[in-house]
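The values are calculated or read from the model by the stated rules, or taken from the named source; none is laboratory data. Worth saying up front: this structure is predicted, and the values here are computed from it rather than measured. Counting neighbours? That spans all protein chains shown, and the Cβs are built from the backbone with ideal geometry, glycine included. Just so you know, the surface numbers come from the protein's heavy atoms only, side chains and all, with ligands and any DNA or RNA stripped out. Shrake-Rupley method; radii C 1.70, N 1.55, O 1.52, S 1.80 Å.
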Amino acid sequence: MADFDAIVVGSGCAGSVAAYEIAKAGKSVLVVERGNFAGAKNMTGGRIYGHCLRAVFPDNFDEIPFERKVSHERISLMSPNSNFTIDFTSEDLLKDGQESYTVLRAPFDQWLAEQAENAGAEYICGIAVEKLIKDENGKVIGIFAGEDEITADVVVLCDGANSLLVEQAVGAKRPPASQMAVGVKEVFELPEEEIDKRFQCAPGEGTAWLFAGDATHGSFGGGIIYTNKDSISVGIVAGVEATAKGNVPVYQMLEDFKNRPEIAPVLKGAKLVEHSGHLVPEGGITTMPELTADGVMVAGDNATMCVNLGYTVRGMDYAVASGQMAGQAAVKALDAGDTSKAGLKCYIDALEDSFVMKDMRQFKNVPNFMEHFDRMFCGYPEMIRDMMNTMFVVDGSPVQPMKKSMMPIVKGVGFMNLFKDVKGAMKAL
(Lines give C-alpha, C1' and ligand atoms only; values in the text may rest on other atoms or scores of the structure.)
Protein backbone atom coordinates (compact mmCIF):
# COMPACT_ATOMS: atom_id res chain seq x y z
CA MET A 1 0.00 0.00 0.00
CA ALA A 2 1.27 3.46 -0.89
CA ASP A 3 1.47 6.14 1.78
CA PHE A 4 -0.85 8.40 -0.23
CA ASP A 5 -3.08 8.15 -3.24
CA ALA A 6 -1.24 11.15 -4.72
CA ILE A 7 1.73 13.40 -4.05
CA VAL A 8 1.96 16.91 -5.50
CA VAL A 9 5.38 18.57 -5.62
CA GLY A 10 5.09 22.37 -5.41
CA SER A 11 2.29 24.55 -4.05
CA GLY A 12 2.03 27.24 -6.70
CA CYS A 13 -1.04 27.78 -8.86
CA ALA A 14 -0.87 24.37 -10.52
CA GLY A 15 0.12 22.40 -7.43
CA SER A 16 -2.47 23.65 -4.97
CA VAL A 17 -5.28 23.46 -7.52
CA ALA A 18 -4.29 19.87 -8.42
CA ALA A 19 -4.24 18.96 -4.71
CA TYR A 20 -7.61 20.64 -4.21
CA GLU A 21 -9.22 18.59 -6.98
CA ILE A 22 -7.74 15.34 -5.69
CA ALA A 23 -8.68 16.00 -2.06
CA LYS A 24 -12.16 17.17 -3.00
CA ALA A 25 -12.75 13.75 -4.55
CA GLY A 26 -11.93 12.07 -1.22
CA LYS A 27 -8.43 10.88 -2.12
CA SER A 28 -5.44 11.19 0.19
CA VAL A 29 -2.94 13.71 -1.14
CA LEU A 30 0.30 15.18 0.16
CA VAL A 31 1.74 18.48 -1.09
CA VAL A 32 5.48 19.02 -0.60
CA GLU A 33 6.67 22.63 -0.91
CA ARG A 34 10.31 23.71 -0.68
CA GLY A 35 9.43 27.18 0.62
CA ASN A 36 8.64 27.76 4.28
CA PHE A 37 5.04 28.39 3.24
CA ALA A 38 2.98 28.35 0.07
CA GLY A 39 4.01 31.36 -2.03
CA ALA A 40 7.33 31.90 -0.26
CA LYS A 41 9.30 31.05 -3.41
CA ASN A 42 6.79 32.10 -6.05
CA MET A 43 6.75 35.35 -7.98
CA THR A 44 4.85 37.02 -10.76
CA GLY A 45 4.47 40.52 -12.15
CA GLY A 46 1.66 39.84 -11.73
CA ARG A 47 -1.80 39.43 -13.19
CA ILE A 48 -4.12 36.47 -13.47
CA TYR A 49 -7.15 36.07 -15.70
CA GLY A 50 -10.33 35.31 -13.80
CA HIS A 51 -11.85 32.68 -16.11
CA CYS A 52 -9.59 29.87 -14.87
CA LEU A 53 -10.35 30.51 -11.19
CA ARG A 54 -14.09 30.77 -11.83
CA ALA A 55 -13.90 27.22 -13.21
CA VAL A 56 -12.20 25.90 -10.06
CA PHE A 57 -13.90 27.99 -7.37
CA PRO A 58 -17.37 28.90 -8.66
CA ASP A 59 -18.85 29.14 -5.14
CA ASN A 60 -16.14 31.14 -3.36
CA PHE A 61 -14.60 33.13 -6.20
CA ASP A 62 -15.41 36.37 -4.35
CA GLU A 63 -13.19 35.28 -1.44
CA ILE A 64 -9.99 35.12 -3.54
CA PRO A 65 -7.46 37.73 -2.29
CA PHE A 66 -7.11 39.69 -5.51
CA GLU A 67 -5.45 43.11 -5.42
CA ARG A 68 -7.20 45.13 -8.16
CA LYS A 69 -9.33 44.43 -11.20
CA VAL A 70 -7.39 45.56 -14.30
CA SER A 71 -9.22 48.36 -16.11
CA HIS A 72 -6.25 49.99 -17.89
CA GLU A 73 -4.01 48.19 -20.38
CA ARG A 74 -0.90 50.24 -21.14
CA ILE A 75 1.90 49.46 -23.58
CA SER A 76 4.98 51.66 -23.94
CA LEU A 77 7.83 51.82 -26.43
CA MET A 78 10.86 53.43 -24.80
CA SER A 79 13.86 54.94 -26.50
CA PRO A 80 16.72 56.31 -24.37
CA ASN A 81 15.09 59.76 -24.34
CA SER A 82 11.40 59.24 -25.11
CA ASN A 83 8.37 57.14 -24.26
CA PHE A 84 5.32 56.40 -26.42
CA THR A 85 2.36 54.90 -24.55
CA ILE A 86 -0.98 53.42 -25.58
CA ASP A 87 -3.59 53.44 -22.79
CA PHE A 88 -6.57 51.21 -23.50
CA THR A 89 -9.77 51.00 -21.45
CA SER A 90 -12.92 49.04 -22.23
CA GLU A 91 -16.02 47.90 -20.39
CA ASP A 92 -15.35 44.43 -21.80
CA LEU A 93 -12.16 44.22 -19.71
CA LEU A 94 -14.30 44.23 -16.56
CA LYS A 95 -17.00 41.69 -17.42
CA ASP A 96 -17.22 38.46 -15.44
CA GLY A 97 -15.30 35.70 -17.19
CA GLN A 98 -13.26 38.21 -19.20
CA GLU A 99 -11.68 40.16 -16.37
CA SER A 100 -8.17 39.97 -14.95
CA TYR A 101 -6.75 40.86 -11.56
CA THR A 102 -3.40 41.84 -10.11
CA VAL A 103 -2.16 39.53 -7.36
CA LEU A 104 0.66 39.20 -4.88
CA ARG A 105 1.73 35.58 -4.85
CA ALA A 106 2.34 35.16 -1.10
CA PRO A 107 -1.27 35.82 0.02
CA PHE A 108 -2.73 34.41 -3.20
CA ASP A 109 -0.83 31.12 -3.00
CA GLN A 110 -1.59 30.79 0.71
CA TRP A 111 -5.30 31.12 -0.06
CA LEU A 112 -5.06 28.39 -2.71
CA ALA A 113 -3.24 26.15 -0.23
CA GLU A 114 -5.94 26.79 2.38
CA GLN A 115 -8.61 25.62 -0.07
CA ALA A 116 -6.65 22.42 -0.70
CA GLU A 117 -6.12 21.85 3.03
CA ASN A 118 -9.79 22.51 3.79
CA ALA A 119 -10.64 19.87 1.19
CA GLY A 120 -8.37 17.37 2.98
CA ALA A 121 -4.88 17.79 1.48
CA GLU A 122 -1.84 17.53 3.75
CA TYR A 123 1.08 19.95 3.40
CA ILE A 124 4.77 19.66 4.22
CA CYS A 125 6.74 22.89 3.73
CA GLY A 126 10.43 23.71 3.91
CA ILE A 127 11.60 20.54 2.10
CA ALA A 128 13.05 20.41 -1.41
CA VAL A 129 12.26 17.28 -3.41
CA GLU A 130 15.30 16.43 -5.50
CA LYS A 131 14.68 12.81 -6.44
CA LEU A 132 11.82 10.56 -7.46
CA ILE A 133 11.29 6.94 -6.42
CA LYS A 134 10.76 4.45 -9.22
CA ASP A 135 9.95 0.75 -9.19
CA GLU A 136 11.81 -1.95 -11.13
CA ASN A 137 9.79 -1.12 -14.25
CA GLY A 138 10.62 2.57 -14.15
CA LYS A 139 7.22 3.72 -12.90
CA VAL A 140 7.26 6.71 -10.53
CA ILE A 141 5.93 5.54 -7.18
CA GLY A 142 6.95 8.37 -4.85
CA ILE A 143 9.53 10.93 -3.79
CA PHE A 144 12.50 11.41 -1.54
CA ALA A 145 11.60 14.29 0.79
CA GLY A 146 14.76 15.05 2.69
CA GLU A 147 15.72 11.77 4.35
CA ASP A 148 12.24 10.28 4.00
CA GLU A 149 10.80 8.07 1.28
CA ILE A 150 7.12 8.78 0.66
CA THR A 151 5.16 6.69 -1.80
CA ALA A 152 2.00 7.35 -3.81
CA ASP A 153 0.04 5.80 -6.66
CA VAL A 154 0.47 8.98 -8.74
CA VAL A 155 2.79 12.00 -8.51
CA VAL A 156 2.00 15.42 -9.96
CA LEU A 157 5.04 17.63 -10.63
CA CYS A 158 4.37 21.36 -10.28
CA ASP A 159 7.80 22.43 -9.05
CA GLY A 160 8.36 25.42 -11.33
CA ALA A 161 10.46 26.62 -14.23
CA ASN A 162 13.77 25.30 -12.90
CA SER A 163 12.53 21.78 -12.14
CA LEU A 164 14.93 19.16 -10.85
CA LEU A 165 12.41 16.38 -11.39
CA VAL A 166 11.03 16.63 -14.94
CA GLU A 167 14.14 15.06 -16.47
CA GLN A 168 13.91 12.16 -14.01
CA ALA A 169 10.21 11.74 -14.69
CA VAL A 170 9.94 11.98 -18.48
CA GLY A 171 13.54 12.25 -19.70
CA ALA A 172 13.25 15.90 -20.81
CA LYS A 173 16.26 18.17 -20.69
CA ARG A 174 16.00 21.64 -19.20
CA PRO A 175 15.00 24.35 -21.72
CA PRO A 176 17.94 26.14 -23.41
CA ALA A 177 18.95 29.58 -22.13
CA SER A 178 17.56 31.15 -25.31
CA GLN A 179 14.07 30.03 -24.25
CA MET A 180 14.30 31.23 -20.66
CA ALA A 181 13.99 34.68 -19.14
CA VAL A 182 14.90 36.04 -15.74
CA GLY A 183 12.48 38.28 -13.92
CA VAL A 184 13.44 40.73 -11.18
CA LYS A 185 10.66 42.50 -9.30
CA GLU A 186 10.30 44.99 -6.47
CA VAL A 187 7.16 45.92 -4.56
CA PHE A 188 6.68 49.48 -3.28
CA GLU A 189 4.11 50.43 -0.66
CA LEU A 190 1.96 53.47 -1.46
CA PRO A 191 -1.42 54.56 -0.07
CA GLU A 192 -4.39 53.21 -1.99
CA GLU A 193 -5.78 56.67 -2.77
CA GLU A 194 -2.42 57.81 -4.10
CA ILE A 195 -2.27 54.85 -6.50
CA ASP A 196 -5.77 55.75 -7.73
CA LYS A 197 -4.58 59.29 -8.51
CA ARG A 198 -1.25 58.41 -10.11
CA PHE A 199 -2.76 55.78 -12.41
CA GLN A 200 -6.11 57.53 -12.95
CA CYS A 201 -8.02 54.48 -11.78
CA ALA A 202 -11.34 54.11 -10.02
CA PRO A 203 -11.17 52.59 -6.49
CA GLY A 204 -10.60 48.85 -6.72
CA GLU A 205 -9.42 49.07 -10.32
CA GLY A 206 -5.86 49.08 -11.58
CA THR A 207 -3.32 49.12 -14.39
CA ALA A 208 -1.25 46.51 -16.21
CA TRP A 209 1.63 48.36 -17.91
CA LEU A 210 4.22 46.72 -20.20
CA PHE A 211 7.35 48.37 -21.61
CA ALA A 212 9.65 47.44 -24.49
CA GLY A 213 12.84 49.04 -25.80
CA ASP A 214 15.16 50.97 -23.52
CA ALA A 215 13.56 49.37 -20.45
CA THR A 216 16.03 46.54 -21.09
CA HIS A 217 18.62 48.74 -22.84
CA GLY A 218 17.55 47.38 -26.22
CA SER A 219 17.87 43.71 -25.24
CA PHE A 220 15.15 41.08 -25.62
CA GLY A 221 12.73 41.60 -22.73
CA GLY A 222 10.71 44.36 -21.15
CA GLY A 223 9.55 46.23 -18.09
CA ILE A 224 6.39 45.72 -16.06
CA ILE A 225 4.28 47.74 -13.65
CA TYR A 226 1.19 46.37 -11.92
CA THR A 227 -0.93 48.22 -9.37
CA ASN A 228 -1.93 46.40 -6.18
CA LYS A 229 -4.30 47.63 -3.45
CA ASP A 230 -1.71 49.62 -1.56
CA SER A 231 1.50 48.80 -3.42
CA ILE A 232 3.03 48.84 -6.89
CA SER A 233 4.90 45.92 -8.48
CA VAL A 234 7.77 47.08 -10.71
CA GLY A 235 10.03 44.71 -12.60
CA ILE A 236 12.18 43.70 -15.54
CA VAL A 237 11.95 40.44 -17.48
CA ALA A 238 14.91 39.84 -19.80
CA GLY A 239 16.03 36.90 -21.91
CA VAL A 240 18.75 34.91 -20.17
CA GLU A 241 20.87 34.49 -23.30
CA ALA A 242 20.41 38.09 -24.46
CA THR A 243 21.29 39.41 -21.02
CA ALA A 244 24.41 37.24 -20.82
CA LYS A 245 25.62 38.70 -24.13
CA GLY A 246 24.91 42.31 -23.13
CA ASN A 247 26.79 44.77 -20.96
CA VAL A 248 23.98 45.60 -18.52
CA PRO A 249 22.95 43.08 -15.83
CA VAL A 250 19.26 42.70 -15.03
CA TYR A 251 19.50 44.36 -11.62
CA GLN A 252 21.02 47.47 -13.27
CA MET A 253 18.26 47.46 -15.91
CA LEU A 254 15.73 47.62 -13.07
CA GLU A 255 17.54 50.48 -11.33
CA ASP A 256 17.78 52.46 -14.57
CA PHE A 257 14.13 51.72 -15.34
CA LYS A 258 12.98 53.04 -11.96
CA ASN A 259 14.97 56.24 -12.49
CA ARG A 260 13.43 56.98 -15.88
CA PRO A 261 11.55 60.34 -15.89
CA GLU A 262 8.35 58.48 -16.82
CA ILE A 263 8.65 56.02 -13.90
CA ALA A 264 10.27 57.95 -11.05
CA PRO A 265 7.21 60.18 -10.37
CA VAL A 266 5.01 57.08 -10.08
CA LEU A 267 7.27 55.73 -7.32
CA LYS A 268 7.94 59.03 -5.54
CA GLY A 269 7.61 58.62 -1.78
CA ALA A 270 6.89 54.87 -2.07
CA LYS A 271 8.57 52.44 0.34
CA LEU A 272 10.43 49.40 -1.00
CA VAL A 273 9.13 46.30 0.85
CA GLU A 274 10.09 43.35 -1.35
CA HIS A 275 12.73 42.31 -3.89
CA SER A 276 12.59 38.96 -5.69
CA GLY A 277 13.81 37.11 -8.76
CA HIS A 278 12.57 34.14 -10.75
CA LEU A 279 13.13 32.21 -13.97
CA VAL A 280 10.40 32.41 -16.61
CA PRO A 281 9.91 29.68 -19.27
CA GLU A 282 9.19 31.38 -22.59
CA GLY A 283 9.72 28.57 -25.10
CA GLY A 284 6.09 27.49 -25.09
CA ILE A 285 5.22 24.26 -26.85
CA THR A 286 8.62 24.10 -28.60
CA THR A 287 10.30 23.31 -25.27
CA MET A 288 7.38 21.49 -23.64
CA PRO A 289 8.37 18.10 -22.18
CA GLU A 290 6.22 15.01 -22.33
CA LEU A 291 3.47 15.66 -19.81
CA THR A 292 2.92 12.09 -18.58
CA ALA A 293 4.82 8.90 -17.84
CA ASP A 294 3.99 5.88 -15.75
CA GLY A 295 2.81 7.21 -12.39
CA VAL A 296 3.51 10.90 -13.04
CA MET A 297 2.12 14.08 -14.62
CA VAL A 298 3.71 17.48 -15.30
CA ALA A 299 1.79 20.78 -15.02
CA GLY A 300 2.34 24.54 -14.84
CA ASP A 301 5.67 26.28 -15.36
CA ASN A 302 7.74 23.10 -15.50
CA ALA A 303 5.57 22.15 -18.48
CA THR A 304 6.61 25.53 -20.04
CA MET A 305 2.97 26.64 -20.13
CA CYS A 306 3.69 30.31 -20.57
CA VAL A 307 3.41 32.73 -23.50
CA ASN A 308 4.85 36.22 -23.92
CA LEU A 309 3.05 37.94 -26.78
CA GLY A 310 4.66 41.32 -26.22
CA TYR A 311 1.33 42.98 -25.46
CA THR A 312 0.43 40.52 -22.71
CA VAL A 313 2.14 37.78 -20.72
CA ARG A 314 0.21 34.70 -19.61
CA GLY A 315 1.16 31.78 -17.43
CA MET A 316 -0.89 31.64 -14.25
CA ASP A 317 -4.19 30.89 -15.98
CA TYR A 318 -2.50 28.01 -17.82
CA ALA A 319 -1.06 26.78 -14.51
CA VAL A 320 -4.44 26.87 -12.76
CA ALA A 321 -6.19 25.12 -15.65
CA SER A 322 -3.49 22.44 -16.06
CA GLY A 323 -3.46 21.86 -12.30
CA GLN A 324 -7.23 21.38 -12.33
CA MET A 325 -7.03 18.93 -15.23
CA ALA A 326 -4.11 17.05 -13.67
CA GLY A 327 -6.01 16.71 -10.41
CA GLN A 328 -9.14 15.47 -12.15
CA ALA A 329 -7.09 13.05 -14.27
CA ALA A 330 -5.42 11.68 -11.14
CA VAL A 331 -8.84 10.97 -9.62
CA LYS A 332 -10.03 9.17 -12.77
CA ALA A 333 -6.86 7.09 -12.95
CA LEU A 334 -7.04 6.19 -9.26
CA ASP A 335 -10.68 5.19 -9.55
CA ALA A 336 -9.83 3.03 -12.57
CA GLY A 337 -6.86 1.48 -10.77
CA ASP A 338 -4.54 2.44 -13.62
CA THR A 339 -1.97 5.21 -13.09
CA SER A 340 0.26 4.10 -15.95
CA LYS A 341 0.98 6.47 -18.82
CA ALA A 342 -1.99 4.97 -20.66
CA GLY A 343 -4.19 5.45 -17.60
CA LEU A 344 -3.15 9.10 -17.37
CA LYS A 345 -3.90 9.84 -21.02
CA CYS A 346 -7.13 11.52 -19.90
CA TYR A 347 -4.91 14.42 -18.71
CA ILE A 348 -3.49 14.89 -22.20
CA ASP A 349 -6.95 14.57 -23.75
CA ALA A 350 -8.34 17.24 -21.42
CA LEU A 351 -5.46 19.61 -22.15
CA GLU A 352 -5.79 19.14 -25.90
CA ASP A 353 -9.51 19.87 -25.71
CA SER A 354 -8.95 23.05 -23.68
CA PHE A 355 -7.67 26.55 -24.35
CA VAL A 356 -4.30 25.55 -22.86
CA MET A 357 -2.94 23.40 -25.67
CA LYS A 358 -4.90 25.23 -28.33
CA ASP A 359 -3.16 28.46 -27.25
CA MET A 360 0.21 26.73 -27.03
CA ARG A 361 -0.14 25.52 -30.61
CA GLN A 362 -1.52 28.83 -31.86
CA PHE A 363 1.49 30.69 -30.49
CA LYS A 364 4.16 28.07 -31.16
CA ASN A 365 6.15 30.43 -33.41
CA VAL A 366 5.99 33.45 -31.10
CA PRO A 367 9.06 32.66 -28.91
CA ASN A 368 11.38 32.37 -31.91
CA PHE A 369 9.90 35.48 -33.54
CA MET A 370 10.19 37.58 -30.38
CA GLU A 371 13.76 36.40 -29.74
CA HIS A 372 14.83 37.73 -33.16
CA PHE A 373 12.56 40.80 -33.22
CA ASP A 374 15.51 43.10 -32.45
CA ARG A 375 13.94 46.23 -33.93
CA MET A 376 11.14 46.10 -31.35
CA PHE A 377 13.73 46.74 -28.66
CA CYS A 378 16.10 49.01 -30.58
CA GLY A 379 14.83 50.63 -33.76
CA TYR A 380 11.08 51.03 -33.60
CA PRO A 381 11.05 52.98 -30.31
CA GLU A 382 13.45 55.50 -31.92
CA MET A 383 11.35 55.61 -35.11
CA ILE A 384 8.20 56.35 -33.09
CA ARG A 385 10.08 59.02 -31.12
CA ASP A 386 11.18 60.80 -34.30
CA MET A 387 7.68 60.62 -35.77
CA MET A 388 6.09 62.01 -32.62
CA ASN A 389 8.71 64.78 -32.41
CA THR A 390 7.88 65.74 -35.99
CA MET A 391 4.19 65.97 -35.09
CA PHE A 392 4.38 67.71 -31.72
CA VAL A 393 7.57 69.81 -31.59
CA VAL A 394 6.94 73.39 -32.69
CA ASP A 395 9.99 75.65 -33.03
CA GLY A 396 8.85 78.34 -35.44
CA SER A 397 10.15 76.59 -38.55
CA PRO A 398 7.72 76.15 -41.47
CA VAL A 399 5.73 72.94 -41.17
CA GLN A 400 6.59 70.33 -43.79
CA PRO A 401 3.95 68.14 -45.48
CA MET A 402 3.40 64.98 -43.41
CA LYS A 403 4.58 62.68 -46.22
CA LYS A 404 7.80 64.65 -46.68
CA SER A 405 8.62 64.73 -42.98
CA MET A 406 7.71 61.12 -42.18
CA MET A 407 9.22 59.26 -45.15
CA PRO A 408 12.89 59.81 -44.16
CA ILE A 409 12.13 58.49 -40.67
CA VAL A 410 10.53 55.30 -41.99
CA LYS A 411 13.35 54.91 -44.53
CA GLY A 412 15.78 54.97 -41.62
CA VAL A 413 14.35 51.64 -40.48
CA GLY A 414 13.79 50.41 -44.02
CA PHE A 415 10.58 49.58 -45.81
CA MET A 416 11.63 45.98 -46.35
CA ASN A 417 12.51 45.56 -42.67
CA LEU A 418 9.14 46.99 -41.72
CA PHE A 419 7.38 44.65 -44.14
CA LYS A 420 9.31 41.61 -42.87
CA ASP A 421 8.51 42.40 -39.25
CA VAL A 422 4.80 42.96 -39.90
CA LYS A 423 4.63 39.75 -41.95
CA GLY A 424 6.55 37.85 -39.26
CA ALA A 425 4.31 39.17 -36.48
CA MET A 426 1.15 38.29 -38.37
CA LYS A 427 2.45 34.78 -39.06
CA ALA A 428 3.54 34.20 -35.47
CA LEU A 429 0.35 35.55 -33.92
Query raised in the report: Which of the residues spanning segment 336-389 are among the basic types (Lys, Arg), surrounded by fewer than 20 Cβ atoms within 10 Å (Cβ to Cβ) and not in a loop (DSSP other than H, G, I, E, B)?
Result: LYS345, LYS358, ARG361, ARG375
Requested in this report: Sort out for me the strands (runs of 3 or more DSSP E) sitting completely within segment 133-189 that have 1 or more residues that are over 26 Å from GLY222 (Cβ atoms) and modelled with pLDDT of 90 or more.
Outcome: 140-145, 148-157
Query raised in the report: Of all residues in segment 219-245 being touching a strand residue (DSSP E or B) at 6+ places or on another chain (Cβ under 8 Å), part of a loop (DSSP other than H, G, I, E, B) and under 19 Å from PHE188 (Cα atoms), which is least open to solvent (accessible area, probe 1.4 Å)?
Result: ASN228
Requested in this report: List every residue pair whose Cβ atoms lie under 6 Å apart, where the two residues are 6 or more positions apart in sequence or sit on different chains, the first residue falls within segment 411-429 and is closer than 13 Å to ASN368 by Cα, and the second residue, located anywhere, is open to solvent by less than 60 Å² (accessible area, probe 1.4 Å) and of a type outside the set (Gly, Ala, Ser).
Outcome: GLY424/PHE369; ALA428/VAL366; ALA428/PHE369
Query - VAL248 vs. criteria in a loop (DSSP other than H, G, I, E, B), modelled with pLDDT under 95 and either surrounded by 17 or more Cβ atoms within 10 Å (Cβ to Cβ) or among the aliphatic types (A, V, I, L, M) (or both) - result: yes
**Report entry** Filter pass, ALA333 being within 21 Å of ASP153 (Cα to Cα), open to solvent by less than 20 Å² (accessible area, probe 1.4 Å) and in a helix (DSSP H, G or I)
**Finding:** yes
Query - Only listed residue being out of contact with any Cys (no Cβ under 6 Å at 6 or more places or on another chain) and within 30 Å of ARG375 (Cα to Cα), chosen from GLY35, GLY45, GLY39, GLY97 - result: GLY45
Query raised in the report: Taking only pairs six or more apart or across chains, which ones have beta-carbon atoms under 7 Å, a first residue in segment 174-187 that is among the charged types (D, E, K, R), and a second residue that is assigned to a loop (DSSP other than H, G, I, E, B)?
Result: LYS185/MET43; LYS185/GLY45
Query raised in the report: What about GLU186, is it open to solvent by 20 Å² or more (accessible area, probe 1.4 Å), of a type in the set (D, E, K, R) and either under 16 Å from LYS268 (Cα atoms) or touching a Cys at 6+ places or on another chain (Cβ under 8 Å) (or both)?
Result: no
Report task. Take GLN328 and decide whether it is surrounded by 14 or more Cβ atoms within 10 Å (Cβ to Cβ) and under 28 Å from SER178 (Cα atoms). Result -> no
Report summary line: Residue count, segment 362-390, condition more than 17 Å from THR312 (Cα to Cα), among the basic types (Lys, Arg) and touching a helix residue (DSSP H, G or I) at 6+ places or on another chain (Cβ under 8 Å), comes to 1
Query raised in the report: Hey, which of the strands (runs of 3 or more DSSP E) in segment 1-107, taking only ones fully inside, have at least 2 residues that are open to solvent by 10 Å² or more (accessible area, probe 1.4 Å)?
Result: 4-9, 47-49, 69-79, 82-89
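Conditions tested, residue by residue: (1) under 20 Å from ALA215 (Cβ atoms); (2) basic (Lys, Arg); (3) in contact with an Asp or Glu (Cβ under 6 Å, 6 or more places away or on another chain); (4) modelled with pLDDT of 95 or more.
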residue: ALA264; (1), (2), (3), (4): yes, no, no, yes
residue: LEU267; (1), (2), (3), (4): yes, no, no, yes
residue: SER276; (1), (2), (3), (4): yes, no, no, no
residue: PRO281; (1), (2), (3), (4): no, no, yes, no
residue: GLY284; (1), (2), (3), (4): no, no, no, no
residue: ASP301; (1), (2), (3), (4): no, no, no, no
Requested in this report: Return the residue satisfying two criteria in turn: it lies in segment 251-278 and is small (Gly, Ala, Ser) and closer than 23 Å to ARG105 by Cα, and of such residues it is most open to solvent (accessible area, probe 1.4 Å).
Outcome: GLY277
Report task. Please find, among VAL422, VAL413, the residue that is touching an Asp or Glu at 6+ places or on another chain (Cβ under 9 Å) and closer than 24 Å to TYR311 by Cα. Result -> VAL413
**Report entry** Boolean, ALA202 is under 24 Å from ALA303 (Cα atoms) and open to solvent by less than 60 Å² (accessible area, probe 1.4 Å)
**Finding:** no
